[in-house]
Amino acid sequence: MIRLKEEEFAEIVEYMRQSYGINLEKKKTLIECRMSKELESQGVTTFGRYMELLKKDKTGMTASNMVSRLTTNYTYFMREPAHFTILRDHILPELSKSSRGILNVWCAGCSTGEECYTIAMILQDNRDRTGKLLNYRILATDISGQVLEKAGKGIYTAKEVEGLQADWKNKYFRSADAKTFCVEERLKQNIRFQNQNLLSPYMGTEQFDLIFCRNVMIYFDKKAKETLVKKLEASLKPGGYLVIGHAELLNRGEIKLEPVFPAVYKKNREKLR
Ligand SMILES: C[S@@+](CC[C@H](N)C(=O)[O-])C[C@H]1O[C@@H](n2cnc3c(N)ncnc32)[C@H](O)[C@@H]1O
């Protein structure tokens, strides 16, 4: 394993914090473990030299490889299931009255896709159960090219889909063999995957009825978290909902949004006046 010198460690921590908001201050060993192979594949033996290459690389590929290795991408279908019950029983009935026929959803920090496909299954199931033809489109974004590649393919192992109820596995997946489950085209066609840094100053102006941004800011420092929360607020339509991870609760002073359920916030029309 290639060891980090103190000044190299400080440089990487600062780079990841400045560029992506990710706090790696206590992750020296993690950086060494996850990056050593990457350095070897580039033919370099020190982190200092690797950072020189990264800064010179105008294609952004070296930076992208480093980010893919240093982000935590842990996720699974139906993670934090209480949110999906709230979505089904409270948020969707309300938004189906106010949204004009099409629900615009953003899954920010989607990792390998389990979260945005879970949302799509809930929305599709809502259509099937209520007969209400609420159309939807989902923008699913992440900073890691590697996870987005898997998300876009929508192919999972039997172990990865084990948290899903059996009838949903039949309804929303094709299974090539007993071990491989491929997300059905009718779900995939409503989802766009995009590589996007949530801290980039160049973000779109699209407005959403519903934003899921769960277990992303948990890895951010305070300043990056504040910047992200402001962006998420601004990207919500009036009356829209923001869902964050249960471990990421926001202080009332930090936001203009109204807490309405655990880790669920609403952009109230009244508060905007
Ligand atoms: C732990 S996963 C959470 C996945 C999913 N939201 C969930 O709750 O299961 C965090 C994801 O956030 C992404 N991420 C971290 N920093 C980011 C940034 N600055 N911009 C966009 N995505 C970021 C990581 O690449 C990772 O895939």
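The values are calculated or read from the model by the stated rules, or taken from the named source; none is laboratory data. Please read these numbers as outputs of a predicted model, since none were measured by experiment. Note that each Cβ is placed from the backbone with ideal geometry, even for glycine, and that neighbours are counted across all protein chains shown. Side chains included, ligands, DNA and RNA excluded: accessible areas come from the protein's heavy atoms. Shrake-Rupley method; radii C 1.70, N 1.55, O 1.52, S 1.80 Å.
Chymotrypsin sites (Phe, Trp or Tyr not before Pro) within the stretch 1-107: which are DSSP loop residues with at most 14 other Cβ atoms inside 10 Å? Numbers along the way, then the final one.
Details: sites: 9, 15, 20, 47, 50, 74, 76, 77, 84, 106; in loops: 74, 76, 77.
Counting only loop positions with at most 14 other Cβ atoms within 10 Å, the chymotrypsin sites (Phe, Trp or Tyr not before Pro) in the stretch 1-107 are 74.
Rounded to the nearest whole Å², what accessible area per residue is found for the chain with the 1.4 Å probe?
Values: 13740 Å² over 273 residues.
Each residue of the chain exposes 50 Å² on average to a 1.4 Å probe.
Rounded to the nearest 500, what is the chain's calculated 222 nm mean residue ellipticity when only DSSP H runs of at least 4 contribute -39500 (n - 2.57) each, over all residues?
Values: 12 runs with 116 residues, N = 273.
Mean residue ellipticity, 222 nm, calculated: -12500 deg cm²/dmol.
Between residue 234 and residue 177, what's the calculated FRET efficiency when r is the beta-carbon distance and R0 is 51 Å? Round to 0.05. Mind dumping the intermediate values first?
Details: r = 46 Å, r/R0 = 0.89.
For R0 = 51 Å, the calculated efficiency reads 0.65.
Measure nothing fancy, just the Cα-based angle from helix 222-235's long axis to the longest principal axis of the chain, in degrees from 0 to 90, nearest 10.
The angle comes out at about 30 degrees.
Quick one: grab the alpha carbon gyration tensor of the chain, order the square roots of its eigenvalues as a ≥ b ≥ c, and give me rounded if a/c is under 1.5, else prolate or oblate depending on whether a/b is larger than b/c.
Details: a/c = 2.30, a/b = 1.43, b/c = 1.61.
It is oblate, given that a/c is not under 1.5 and a/b is not larger than b/c.
Taking the simple approach of a point 7 Å from Cα along Cα-to-Cβ for both residue 25 and residue 89, what is their distance in nm?
Going from the residue 25 label point to the residue 89 one covers 4.0 nm.
Which semi-axis lengths, in whole Å and largest first, follow from the square roots of five times the eigenvalues of the Cα gyration tensor of the stretch 6-70?
On the way: eigenvalues 54, 39, 24 Å².
Over the Cα atoms of the stretch 6-70, the semi-axes work out to 16, 14, 11 Å.
Kindly state, to the nearest 0.05, the FRET efficiency for residue 127 paired with residue 157, given R0 = 30 Å and r defined as their beta-carbon distance.
On the way: r = 28 Å, r/R0 = 0.92.
Efficiency, from the Cβ-Cβ distance: 0.60.
Taking amide H positions as placed 1.01 Å from N in the peptide plane, with prolines and chain starts having none, which residues 5 or more places from residue 103, or on another chain, fall under 5 Å of its amide H?
Excluding prolines and chain starts, which carry no amide H, the hits are 135, 136, 137.
In nm, to one decimal, how far is the modelled label at residue 169 from the one at residue 102, with both set 7 Å along Cα→Cβ?
Calculated label separation equals 3.5 nm.
Applying 1/(1 + (r/R0)^6) with R0 = 22 Å to the Cβ-Cβ distance of residue 221 and residue 74, what FRET efficiency is obtained, to the nearest 0.05? Please list the in-between numbers first.
Details: r = 20 Å, r/R0 = 0.89.
Efficiency, from the Cβ-Cβ distance: 0.65.
How would you classify the stretch 183-223 from its alpha-carbon gyration tensor, with a ≥ b ≥ c the square roots of the eigenvalues: rounded for a/c under 1.5, else prolate if a/b is greater than b/c, otherwise oblate?
On the way: a/c = 2.32, a/b = 1.72, b/c = 1.34.
Since a/c reaches 1.5 and a/b is larger than b/c, the shape of the stretch 183-223 is classed as prolate.
Using Cα positions and a limit of under 17 Å, work out the aspartates and glutamates in reach of residue 230, with same-chain residues fewer than 8 apart set aside.
In chain and number order, the partners are 206, 209, 221, 248, 254, 258.
Which pairs break 28 Å Cα to Cα here: 153/266; 159/225; 56/231; 223/266; 169/237; 171/225? Please list the in-between numbers first.
Values: 153/266 32 Å; 159/225 33 Å; 56/231 30 Å; 223/266 22 Å; 169/237 33 Å; 171/225 38 Å.
Flagged as over cut-off: 153/266; 159/225; 56/231; 169/237; 171/225.
How about the stretch 1-30: which trypsin sites (Lys or Arg not before Pro) there lie in a loop by DSSP and see at most 15 other Cβ atoms within 10 Å? Before the final figure, lay out the partial values.
On the way: sites: 3, 5, 17, 26, 27, 28; in loops: 3, 5, 26, 27.
Those satisfying the criteria are 3, 5, 26.
How much of the accessible area of the chain, in percent, comes from carbon and sulfur atoms when a 1.4 Å probe is used? The partial results should precede the final answer.
On the way: 7060 of 13740 Å².
Carbon-and-sulfur percentage of accessible area, whole number: 51.
Tell me the label-point distance for the pair residue 135, residue 32, using the 7 Å Cα-to-Cβ offset, in nm and rounded to one decimal.
So the label points at residue 135 and residue 32 sit 5.5 nm apart.
Roughly how tilted is helix 47-56, in degrees to the nearest 10 and between 0 and 90, from the longest Cα axis of the chain?
With both axes taken from Cα atoms, the answer is about 60 degrees.
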